[in-house]
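**Q** Mind having a look at this structure? Questions to follow.
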Amino acid sequence: MAAQIKVYYTGSPDHVADAGTWTKPAGATVVRVILIGAGGGGGGGDAVASATAASGGGGGGGGGRLEAMFLAGDLGSTEAYSPGAAGTSGSAGTGSGGGNGGSGGNSTFGGSTVSIHTAYGGGRGSGGSASTQSAGGGGAGLASKGGDATTNTAGVAGTLGGSAGTTTGIAAQNTSVGGAGGAGASSAGAAGGTGGQAAVGGGGGGGGGGKSTPTVTYTAGGPGGQSSSYPGSAGATASSGLAGSAGIAGWLGDAGSGAGGGGASATTAGAGGAGGFPGGGGGGGGSSITGGTAGVGGLGGAGVVIVITDFGGV
């Protein structure tokens with residue numbers, strides 16, 4: 001008999017609400033479980049006066065990945081599972097700062113007979129605002145979620161393998177097992193930073209484009225970071241006023257890339273792209289001028305629970 005593969009995520013046929021129960025098939029010998037936590041959501045941009053610089057929203061951190069192998073006899077007849085919920089989008093600001101994104105949810109398996117196994121979610125990106133930096137969320141590690149970003153302060157790395165977010169520039173590449181950090185945007189209104197790349201977990205989201213002064217200039221959002229477990233490109237940079245590109249989805253069992261940040265605009269700034277499924281960080285929204293419309297942050301990539309059952313010999 002061929003292996004049985006069950007993929008649980010929000011909206012899938014096997015998905016029940018935000019959790020469910022896996023039932024061990026008769027004749028199972030070995031069970032492989034792959035968990036990927038959800039990516040953090042990007043922060044929203046802000047709309048501020050022409051004489052004031054503004055940062056775009058920060059990108060979300062990538063979710064972590066955990067894999068476990070079990071002898072079927074070590075599992076209960078049923079085991080609970082729960083795929084992590086995507087980090088929510090940060091709202092567009094109207095002069096008091098863009099909203100922060102939401103942190104990515106954890107993906108879990110077990111608890112009936114085996115202990116609960118967890119792949120942690122990425123941290124949120126912070127909202128853009130007048131004359132202050134936004135920051136990217138931290139990437140998840142094996143032992144904890146990525147830290148949430150606040151204004152001027154990037155999210156810390158998740159414990160054991162995560163990668164910290166950054167306020168400007170390029171978030172560090174994560175060559176360990178965790179998710180990558182997201183990027184922010186400078187208080188001077190420069191282009192959004194580049195999300196971190198990840199070797200195993202989800203890529204980090206790019207920062208949204210800002211508005212600079214004294215000559216009013218609207219800048220581009222930064223690209224999201226690639227997840228090298230999937231051989232695709234990172235989320236592309238968005239030019240001024242355009243929405244950020246969505247992250248690239250991962251293959252079965254691999255994490256997705258981070259999303260691009262939205263570009264700034266005098267009229268309607270771009271929204272951050274959605275993080276690649278599963279586990280990519282969402283991009284930050286672009287900023288605008290008073291009277292214009294700032295961009296919302298991008299959703300993080302949702303988490304997933306994959307259960308592969310083998311019916312052959314051990």
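**Q** Applying the selection to region 233-251, what residues are modelled with pLDDT under 85 and either surrounded by 18 or more Cβ atoms within 10 Å (Cβ to Cβ) or over 17 Å from residue 201 (Cα atoms) (or both)?
**A** 234, 235, 236, 237
**Q** Moving on to the next point. Evaluate the following for residue 80: is it touching a residue at least 60 places away in the same chain (Cβ under 8 Å), touching a Phe, Trp or Tyr at 6+ places or on another chain (Cβ under 8 Å) and of a type in the set (Gly, Ala, Ser)?
**A** So residue 80 passes the test.
**Q** Of everything in region 78-88 that's in a loop (DSSP other than H, G, I, E, B) and open to solvent by less than 50 Å² (accessible area, probe 1.4 Å), which residue is farthest from residue 185 (Cα to Cα)?
**A** 83
**Q** Still on this structure: Tell me, which residue of region 300-314 that is over 21 Å from residue 82 (Cβ atoms) and in a loop (DSSP other than H, G, I, E, B) is nearest to the chain's Cα centre (by Cα)?
**A** Among residues in region 300-314 that are over 21 Å from residue 82 (Cβ atoms) and in a loop (DSSP other than H, G, I, E, B), the one nearest to the chain's Cα centre (by Cα) is 311.
**Q** Could you please let me know if residue 134 is crowded, with 23+ Cβ neighbours inside 10 Å and either touching a Leu at 6+ places or on another chain (Cβ under 9 Å) or among the charged types (D, E, K, R) (or both)?
**A** Judged against the criteria, residue 134 is not a match.
**Q** Filter region 25-57 for residues that are in a strand (DSSP E or B) and either in contact with a helix residue (DSSP H, G or I) (Cβ under 7 Å, 6 or more places away or on another chain) or free of Cβ contacts under 8 Å to residues at least 12 places away in the same chain (or both) and give the result.
**A** Correct list: 30, 31.
**Q** Next question. Somewhere in region 188-197, is a residue in a loop (DSSP other than H, G, I, E, B), open to solvent by 40 Å² or more (accessible area, probe 1.4 Å), farther than 16 Å from residue 58 by Cα and at pLDDT 90 or above?
**A** no
**Q** Residues to consider are 172, 149; find the one that is open to solvent by 50 Å² or more (accessible area, probe 1.4 Å), of a type in the set (Gly, Ala, Ser) and within 26 Å of residue 287 (Cα to Cα).
**A** Only one candidate qualifies: 172.
**Q** If you don't mind, there's one more thing I want to ask. How many residues does region 253-299 hold that are of a type in the set (S, T, N, Q), in a loop (DSSP other than H, G, I, E, B) and buried (at least 24 other Cβ atoms within 10 Å of the Cβ)?
**A** Residues meeting the conditions: 3.
**Q** Right, here's the next one. Which of the residues belonging to region 17-57 are open to solvent by less than 10 Å² (accessible area, probe 1.4 Å), more than 30 Å from residue 265 (Cα to Cα) and over 17 Å from the mean Cα position of the chain (by Cα)?
**A** 22, 31, 33, 34
**Q** Taking the options 147, 97, name whichever one is within 12 Å of residue 60 (Cα to Cα) and either in a loop (DSSP other than H, G, I, E, B) or not charged (D, E, K, R) (or both).
**A** 147
**Q** Let me ask something additional. Can you work out which of the residues in region 58-77 that are part of a strand (DSSP E or B) and open to solvent by 50 Å² or more (accessible area, probe 1.4 Å) is nearest to residue 194 (Cα to Cα)?
**A** For region 58-77, the residue satisfying everything is 67.
**Q** So, in region 198-220, how many residues would count as being in a loop (DSSP other than H, G, I, E, B) and open to solvent by less than 40 Å² (accessible area, probe 1.4 Å)?
**A** Qualifying residue count for the region: 13.
The values are calculated or read from the model by the stated rules, or taken from the named source; none is laboratory data. Everything numeric here is computed off the predicted structure, so don't read it as measured data. As a convention, Cβ positions derive from the backbone with ideal geometry for all residues, glycine included, and neighbour counts pool all protein chains shown. Ligands, DNA and RNA are stripped out before the accessible areas are found, and what is left, the full protein with its side chains, is counted by its heavy atoms. Shrake-Rupley method; radii C 1.70, N 1.55, O 1.52, S 1.80 Å.
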